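Working notes for the structure below.
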Amino acid sequence: MTVDLAGARRAAVEGILTAAWGGPVTLASATGLAERDHVLRVASEDGRAAVVKLPRLPGDYPWPVDPEAVAREWASLEHLGAVAPGVAPRLLGGDGEHGLVVIEALPDVRSLDESLLGGDAAQAREDVLAWSRALARLHAGTRGTAAGFAAAGARRGLAADRESWWLERLTGAEPGFTAVARDQGVDPAAVAADLERIRTVLSTVHVALVHGDPCPDNVLLSAAGCRLIDYERTSMASAALDFAYLLSPFPSCWCFGLLPADLVAAATSAYEDAVSAAGVVLDDAWHQAVAAALALFTAVRVGDRRGGALDDGTTWGTTTARPRLAAWTASLLATPGAEAFPHVVAAVAAWRDEQGLDGTVEVPGYPALG
């Protein structure tokens, strides 16, 4: 899809690329990527390429548009370039007045969703492991860098104390989840205390730069390695919020599917080995943080559904809500450490039984993995 990148924004992009590439740049084309008008691949007259991110358009996203998204992307890429190069595409520049960032265009890439939905089985498995290692590099490289990230954010006009996107969502879903607990005969006050412990754990344990949405379509792979893209939801929070996407699985993704248990185990080992090699020790507090992340995901999703149909038959991406909820609730109930949040677990278990989310619900896997 060709996009008309015109006027001042076009001039801003050309200026950024002129500075980054060391010579005058004139754009020849701009093409929308991934069916989204706000992400463009631009090409210069001499054939070089870059990616431009603009503010999201209304209706482009299933959640409200975040007016700080582009600034957060800019700050995150700037910070990662300084402390964890190679995790993300390289930042070429940005323009606050025109609300855009420009990043390198990676050659010959495939996305993880493409691998999982239609690729070769061996390649898809290796790509999942590469994604797990990339998350480990992101987290290990950004531990202890909260001040640097805050400074990068301040240069883009961002407040330093914004909490994780997922914790913001928990605040919105908590009344619904507390009502579910009450419906299931679980003390709402005890549930509220569990949720507060979850917030504390996920704000204090193994804190690093959290991507916030490490879904398969935000993972690019090539001969040069694995790069994570789309840093609109970053925060300094527990790295478990990203890692738990492997176990949940993928609680904010259209590209949902169960990963085989042996692959989950291999990807877990790959993550743990990579952070260990960087000197990070994953202790008992880490395992409790992973359980807290799964509890948060589940509380948000169950709370969102309270008072509405469990599944109205609407397909989003790969399936409807029922298989997703069956998988997400099961992942929480099966994880070690979930007993630290007993009232949340009790409410989820009772609600799951009431809704018939047991082993009879067919949960799709990924075509490439059989």
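Throughout, read-outs are computed from the coordinates displayed, never taken from laboratory work. This is a predicted model, so every value here is computed, not measured. Here Cβ is always computed from backbone atoms with ideal geometry, including for glycine, and neighbour counts include all displayed protein chains.
Structural remarks
- A straight line joining the Cα centroids of the range 67-103 and the range 121-176 runs 14 Å.
- The angle separating the long axis of helix 165-183 from the principal Cα axis of greatest extent in the chain is about 20 degrees.
- Residue among Asp304, Asp242, Asp230 with the largest mean-square fluctuation in a Gaussian network model of the chain, springs linking Cα atoms under 10 Å: Asp304
- Stokes-Einstein D (µm²/s) once Rh is taken as the Kirkwood radius of the range 115-263 over alpha-carbon pairs, at 4 °C in 1.567 mPa s: 76
- Footprinting exposure proxy for Trp286, Trp254, Trp131 (fewest neighbouring C-beta atoms within 10 Å first): Trp254, Trp286, Trp131
- Computed over Cα pairs, the Kirkwood radius of the range 180-220 leads via Stokes-Einstein (0.692 mPa s, 37 °C) to a diffusion coefficient of 254 µm² per second.
- Relative contact order (%) - the chain, alpha-carbon pairs under 8 angstrom, separation at least six: 18
- Acute angle (nearest 10 degrees) that the helix 7-21 long axis makes with the longest principal axis of the chain, alpha-carbon atoms: 80
- Rg and Dmax of the range 7-104, Cα atoms only, in Å: 13.4, 40
- Ordered from longest to shortest, the equivalent ellipsoid semi-axes for the chain are 36, 22, 21 Å, each the square root of 5 times a Cα gyration tensor eigenvalue.
- The charge dipole of the range 7-104, taken about its Cα centre with unit charges on the Cβ of Lys, Arg, Asp and Glu (plus for the first two, minus for the last two), comes to roughly 120 debye.
- Per-residue Cβ neighbour rank within 10 angstrom, fewest leading, Arg41, Arg305: Arg41, Arg305
- Folded to 0 to 90 degrees: helix 342-355 orientation relative to the chain principal axis, Cα: 90
- Most fluctuating residue given options Pro260, Pro188, Pro216, as computed from a GNM of the chain linking Cα atoms under 10 Å: Pro260
- Extreme residue, positive dipole direction of the chain, given options Thr329, Ala295, Phe149 (C-beta unit charges): Phe149
- 4 °C / 1.567 mPa s Stokes-Einstein diffusion coefficient of the range 211-344, Kirkwood radius on C-alpha pairs, µm²/s: 81
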